[in-house]
1. If I go through region 32-64 residue by residue, how many of them are loosely packed, with under 12 Cβ neighbours inside 10 Å and under 16 Å from Leu80 (Cβ atoms)?
2. Is it the case that some residue within region 23-30 is under 30 Å from Arg75 (Cβ atoms), of a type outside the set (Phe, Trp, Tyr) and assigned to a strand (DSSP E or B)?
3. If you scan region 5-22, which residues turn out to be surrounded by fewer than 10 Cβ atoms within 10 Å (Cβ to Cβ), part of a loop (DSSP other than H, G, I, E, B) and not small (Gly, Ala, Ser)?
Amino acid sequence: MISTGIVRHIDSLGRVVLPKELRRSFEITADTPLEIFTEGDTILLRKYRPAGACALCGEVSPDAVQLHGKYICPRCRDALAER
């Protein structure tokens, strides 16, 4: 893990604000779902992506194919083929 050197406090409702620089770097918006993990005394946040979701658009499709460990849906495959 890499330390950012940023310290934030939790408010009375249990919320913590992610710095704008981190949200921008990780493309996190107000509607981005985050998955929460714990490991010992560590809390980890990760952008939620359902199993089998397209790496490009996030759509879950039974027709998605796996390429280099990432799923690509038919619509994105077609868009890539057109380029």
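1. 1
2. no
3. Ile6, Val7, His9, Ile10, Asp11, Leu13, Arg15
FYI, it's all coordinate maths here, none of it is from the lab. Since this is a predicted model, take the numbers as computed values, not measurements. Counting neighbours? That spans all protein chains shown, and the Cβs are built from the backbone with ideal geometry, glycine included.
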